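What follows is a single structure, written as structure tokens, with notes after it.
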Amino acid sequence: VQLQASGGGLVQPGGSLRLSCAASGSIFSINSMGWYRQAPGEQRELVAAITSGGRRNYADSAKGRFTISRDIAKNTVYLQMNSLKPEDTAVYYCHYSSIYYSRDFWGQGTQVTVSS
């Protein structure tokens with residue numbers, strides 16, 4: 001499984017960004033895709049995830065501001081981030097997992113910087 005992420009960048013506090021991640025390769029229909037982030041000196045943490053059945057899971061810090069969605073036909077997951085804060089600054093990694101794989105898959109990471 002290959003994951004191609006895009007959409008990061010520099011945005012002012014209060015602004016919005018939309019991240020996209022397209023999966024390719026041997027994609028199983030039963031899976032979970034999502035986004036994690038890692039700030040300098042911090043551990044990687046879950047931001048949001050969505051299963052192939054449509055169940056969503058959000059970090060507390062993302063609830064009410066971020067929305068995860070997916071286009072199953074395109075094997076693509078999106079993260080709409082609104083009301084961004086400086087503490088959202090991190091490298092965001094796309095993630096894919098399936099019960100049919102013994103490992104998880106990660107994208108290359110995309111930098112999100114929230115600064116005035």
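The values are calculated or read from the model by the stated rules, or taken from the named source; none is laboratory data. Note that the coordinates shown come from a computational prediction; the quantities given were computed from them, not determined experimentally. Please note: Cβ atoms are built from the backbone with ideal geometry, for glycine as well, and neighbour counts cover all protein chains shown. The accessibility values were calculated without ligands, DNA or RNA, using every heavy atom of the protein model including side chains. Shrake-Rupley method; radii C 1.70, N 1.55, O 1.52, S 1.80 Å.
Compute the length gained on full extension between residue 101 and residue 57: take 0.36 nm times their separation in residues and subtract their Cα-Cα distance, giving the result in nm to one decimal.
13.8 nm
For residue 66, what accessible area in Å² do you get when you roll a 1.4 Å probe over the heavy atoms of the protein chains, rounding to the nearest 10?
Residue 66 has an accessible surface of roughly 10 Å² with all protein chains in place.
Using a 7 Å offset from Cα along Cα-Cβ at residue 111, what residues in region 1-29 end up with backbone N under 20 Å from the label point?
Hits in region 1-29 for residue 111 at 20 Å: 4-21.
Could you list the residues of region 98-116 with an amide nitrogen less than 14 Å from a label point located 7 Å from the Cα of residue 26 in the Cα-to-C-beta direction?
98-105
Report, as a whole number in µm² per second, the diffusion coefficient that Stokes-Einstein gives for the chain at 20 °C and 1.002 mPa s using the Kirkwood radius over alpha carbon pairs.
For the chosen part, D equals 152 µm²/s.
Hey, can you find the accessible area per residue of the chain for me, probe 1.4 Å, expressed in square angstrom?
53
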